[in-house]
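Remarks on the structure that follows.
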Amino acid sequence: MDIKELYQEIVLDHGKNPRNKNKCEGFNKEAKGHNPLCGDKVQVFLKLNNDKKVEDISFEGEGCAISIASASIMTETIKGKEFNVAKKILEHFINMLKEGSKLSINSLSQDENTTMMSLSGVKQFPMRVKCATLAWHTFIHAAEGKEETVKTEK
Amino acid sequence: MDIKSIKSQFPIFKNKFNGKPLIYLDNANSSQKPKNVIDRISKFYSKEFSNIGRSVHTLAVTATNRFEESRDLMKKYINAKSREEIIFTKNATEAINLVASTYGDKFINRGDEILITELEHHANYVPWHFLRQKKGAIIKFAKCNDRGEVDIDEIKKLINNKTKIIAITHLSNVTGVIMPIKKIVDLASEKKIPVLVDGCQGAPHLKLDMQELGCDFYAISCHKMYGPTGVGVLYAKKKWLDVLPPYQGGGGMIEEVKKESITFPGSPTKYEAGTLQTAEVVGFSESLKFIEDVGIKNIMQHEKEILEYGLEEIKKNNSVRIIGDPKHRGSIISFTIKGIHPHDIATILDEDGVAIRAGHHCCQILHEKMGISASARASLGIYNSKDDIDALSSAIKKCNKVFNT
Ligand SMILES: Cc1ncc(COP(=O)(O)O)c(C=O)c1O
């Protein structure tokens, strides 16, 4: 375990200065996520167009550096991408957090890839995986129009 | 006092975690167990085990005796008037639910008031909330001030003819305030209102005397008293146990069962339904012996010394905010660090082997009152030393460094 692997520069930067932390204009979908165990809360605002493309996405909420950074990085990464692509990215992201696998998605630019990879240190801290995935699950809920709050299980 | 030799009685400290020795500062959550407790459970299963109270064979008689000895020790530890006043439950949560359910069924009706405080652990709020829903009762919250204490006047203000019970913590698991229970009981008894005390943090850290304290109910979790999990105690004045209905129904708690009617025995049998956590209760007797050997007064004095040192050391760090500043404080320090979320603090501390808790500690109402959603909490036990505090403060400095604050 190395704490610096968890709190990499990029993660700390997104945690302290989160991008897209607001209610984006013209959002047509939203969902809430809650981690009852640690109290992390997130709300995702999404503008999804008729072709199921993410035109805009933003979030609000409070939580640890990992959950805020992850939400911030998510909004940056999937803005402008198709919902199906975003879903694929999440799949790879979860595999990275749980299995330690690399991200291998063509639709991610080099920069996007590096930014996402900055969260790979979470793998060594299984208790924190939920923090890193909360915003993502909430985004999926929003896109699929699910009403109930996302709750991370124990 | 020789803390090193006391600590050496706890096998967990012989292990390393993440390659580091364990600095255990999560005692308000649960305490570690001395070897005698662990060995006692093993010995009980190896040599003495049987279900209690039901069979007449030799094993059953011995097991029953060992179990009942624990009750006697507990009676002595809290100076209850009689052994019938000690009921074994699975934890303090169950003890409070037992009272909310039985007392509530019999004595609380629509519009009646239950008086609790903003300090309460969810275990001393949610059971009353169920009662509120079931009976249409009202819950009043006595206000907590900035120091993290509930002024007795705030309680006085809320007492009226509708108040049917006062349920209050002895020692807050967040701010550490020690509440003036005796004064509250005096106030309540003028109006003949029973008082339930959530003694989860009181029992391991304070000298208890039920007859002097005068409360009607006192709830305890033995796993916070160097005892096994799965054991709690409800102390209740006999006058209540004589009039309250049983809690759960089943084997062991009956007198006579007929097709048309059932009668029940007296306390504690009436409240101990089904097969109990026999081995754990027997093991718990060793926790009480351990506490008695060290001496509760010595425990209090040692923890006070470490607490004061801890507060002093942590206050030196300007980025730290300590939650509450009560005049009478038990061995709990909850805090936040500017710009760093408590979960990140806990993870960074953990890397240095420093185990604390982060979150709302089952006190969401109190955290909201303090304007935060979570805090980090260091809580002491008998084995903690000034070295542990030093490890805590340098780990806090490491948080500042990682986050560059
Ligand atoms: C003040 C207080 N009350 C109640 C509880 C609940 O204890 P248990 O979960 O053992 O029933 C705790 C422990 O977390 C506590 O600190």
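Just so you know, all these numbers are worked out from the coordinates, no wet-lab data involved. This one's a predicted model, so the numbers in the text were calculated from it and none came from an experiment. Quick reminder, even Gly has a Cβ in these numbers, built from the backbone with ideal geometry, and neighbours come from all protein chains shown.
What number in nm² do you get for the protein assembly as shown if you take the convex hull of its Cα atoms and divide its surface by four? That works out to 29.6 nm², a quarter of the Cα hull's surface.
Taking a cut-off of 25 Å, what percent of all Cα-Cα pairs in the range A:3-148 are separated by more than that? So the pairs more than 25 Å apart make up 19 percent of the total in the range A:3-148.
Mind giving me the FRET efficiency for residue B:309 and residue B:13? R0 is 22 Å, r the Cβ-Cβ distance, nearest 0.05 is fine. About 0.65, to the nearest 0.05. The label point for residue B:273 and the one for residue B:405, both projected 7 Å from the Cα toward the Cβ, are 4.8 nm apart. Loop-located chymotrypsin sites (Phe, Trp or Tyr not before Pro) across the range B:318-405 with a Cβ neighbour count of 16 or fewer within 10 Å are lacking, with loop assigned by DSSP.
For chain B, the longest principal axis of the alpha carbon atoms and the long axis of helix B:342-351 meet at an angle near 80°. The alpha carbon gyration tensor of the range B:160-274 gives principal lengths a ≥ b ≥ c with a/c of 1.5 or higher and a/b no greater than b/c, which makes the shape oblate.
About its Cα centre, how strong a charge dipole does the protein assembly as shown have in debye, to the nearest 20, once Lys and Arg get +1 and Asp and Glu get -1 at the Cβ?
Values: 81 positive and 71 negative charges, 112 e Å.
It comes to approximately 540 debye.
When both bridge partners sit in the range A:17-154, DSSP labels roughly 85% of those beta bridges antiparallel. Computed from phi, the 3J(HN,Hα) profile of the range B:49-62 under the Karplus parametrisation 6.51, -1.76, 1.60 (θ = phi - 60°) reads 5, 6, 5, 9, x, 10, 9, 9, 5, 3, 4, 5, 5, 4 Hz, with x in place of Gly and Pro. I need the Kirkwood Rh of the range B:38-292: take the reciprocal of the average 1/r across all distinct C-alpha pairs and report it in angstrom. Across the range B:38-292, the inverse of the average 1/r is 18.9 Å. Structural descriptor for chain A: relative contact order 32 percent, calculated from alpha carbon pairs under 8 angstrom and at least 6 residues apart.
The fewest-to-most ranking of B:357, B:40, B:321 by surrounding Cβ atoms within 10 Å reads B:321, B:357, B:40. Cβ crowding within 10 Å, taken as a proxy for footprinting-reagent exposure, orders B:195, A:85 from fewest neighbours to most as A:85, B:195. Computed extension length for residue B:321-residue B:146: 61.7 nm, one decimal, from 0.36 nm per residue of separation with the Cα-Cα distance subtracted.
The residues packed around residue B:373, meaning those with a beta-carbon under 9 Å from its beta-carbon, carry a net charge of -2 if Lys and Arg are +1 and Asp and Glu are -1. Among the listed pairs A:32/A:98; A:32/A:81; A:151/B:143; A:32/B:134; A:32/A:53, a Cα-Cα separation exceeding 28 Å is found for A:151/B:143; A:32/B:134. Amide H contacts of residue B:118 (H built 1.01 Å from N, in plane; Pro and chain starts excluded): B:142, B:144 sit under 5 Å, all sequence-distant by 5 or more or on other chains.
Extension gain, residue B:105-residue B:30: 0.36 nm per intervening residue step, less the Cα-Cα distance, totals 23.8 nm. Which whole-number percent gives the relative contact order of chain B, counting Cα pairs below 8 Å spaced six or more residues apart? For chain B, the relative contact order is 23 percent.
For the range B:202-207, the Karplus equation 6.51 cos²θ - 1.76 cosθ + 1.60, evaluated at θ = phi - 60°, returns couplings of x, 4, x, 10, 10, 6 Hz by residue, with Gly and Pro reported as x.
Annotation: the residues B:74, B:210, sorted from fewest to most other C-beta atoms within 10 Å of their own C-beta, follow the order B:210, B:74. Report the Cα centroid-to-centroid distance between the range A:90-131 and the range B:281-327 in angstrom, as an integer. Value for the Cα centre distance between the two parts: 42 Å.
Distance from the Cα centroid of the range B:344-378 to that of the range A:28-63 is 25 Å (rounded to whole angstrom). With a ≥ b ≥ c the root eigenvalues of the C-alpha gyration tensor of the range B:284-405, is it rounded (a/c under 1.5), prolate (a/b larger than b/c) or oblate? Taking the square roots of the gyration eigenvalues as a ≥ b ≥ c, the range B:284-405 is prolate.
Using R0 = 22 Å, the C-beta based FRET efficiency linking residue B:182 and residue B:154 works out to 0.80. Summing charges over neighbours of residue A:53, with a neighbour being any other residue whose Cβ is under 9 Å away from its Cβ, gives -1 when K and R count +1 and D and E count -1.
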